[in-house]
């Protein structure tokens, strides 16, 4: 499938393209970008001892149970409620940029915005914080359970945002998608449905 | 600009005279910030305002003068396609209104945006990545590889 080129620097896809339909999620292995219930781990608590609401997988960048990564610790980031931020901060995190004197600037680059999870009833949105990281055992994630399976389309945006945070690289979404397309297309061990653009 | 709407509290002239001591007047205005004094129901003689109401009216008047002075310039700028800083629009009382996640996500995913500065104000440059040959191993190759060589493989 040809994807129309997008020169826009927008950080996020439309909200309805984030999550795989829960009815089909079983076809997708646990993978980078999936949101899990917070595992039982001493690092997954706030400085005040409150348990993180959710975690998002940031490493490995392939399937969690892939042979090459099956015994690797899983790097997860804290997922917070947007509602806990101040009102002006909420809007900026939801966009990932702010305008000051006609200059559009990157803002809160350590965050990745997410809409409500598929089975969530209260309609509240979330953000992952790339600065709050913990390595957990793969088994502990298995036990806590996946709450949202991120679509391939949204994972491309997550990869791009992480590159922006970790390396300060501003790469176009089309280039990141193309790299991901090539990676998936040439991976003989790729599991689960492939995106339409591969 | 103030969004407050005050209801006038009607007081007869004779009754107002009995309320017109400093203490009673303060109490009356605390309860009813706008008091209409009338000899008859349809004949207002005076409107007495609590200080906060008066201050807010003065502020609104000044704001209105600023809007009247700026509006032609604003319209001309829009017609020419000239961008207007958001803090200026906010000062003018013009805001997006809806900053729900639904509205902001729809806006940012449909409207092209070009970022020019990083978070710390550095000029934002665009990086281009050139994919090389992917480093992948088949299951058989993985089994043949020495454990040490696998240390950095994965994900």
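FYI, it's all coordinate maths here, none of it is from the lab. Only a predicted model underlies this, so the values are computations on that prediction, with no experimental measurement involved. Heads up, the Cβs are rebuilt from the backbone with ideal geometry, glycines too, and the neighbour counts pull from every protein chain shown.
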> Going by how many other beta carbons lie within 10 Å of each one, how would you line up B:60, A:125, A:153, fewest first?
Replying inline: B:60, A:153, A:125
>> Below 8 Å, C-alpha to C-alpha, sequence gap of six or more: please give me the relative contact order for the stretch B:9-49 in percent.
In response: 42
> Per-residue ellipticity at 222 nm for chain A, helices alone: DSSP H runs ≥ 4 residues times -39500 (n - 2.57), over residue total, nearest 500 deg cm²/dmol?
Replying inline: -7000 deg cm²/dmol
>> Averaged over its residues, how many other protein chain Cβ atoms are within 10 Å of peptide A:11-19's Cβ atoms?
In response: 3
>> Only counting other Cβ atoms within 10 Å, I'd like B:63, B:128, A:9 sorted with the fewest neighbours first.
In response: B:128, B:63, A:9
> What list do you get for B:34, A:79 if you sort them by fewest beta carbons within 10 Å?
Replying inline: B:34, A:79
> If you take every DSSP beta bridge whose two residues both sit in the stretch B:1-68, what share of them, in percent to the nearest 5, is antiparallel?
Replying inline: 60
> For chain A, what is the relative contact order in percent, using Cα pairs closer than 8 Å and at least 6 residues apart in sequence?
Replying inline: 30
>> If you average the alpha carbon positions of the stretch A:108-130 and of the stretch B:63-121, how far apart do those two centres end up, in angstrom?
In response: 26
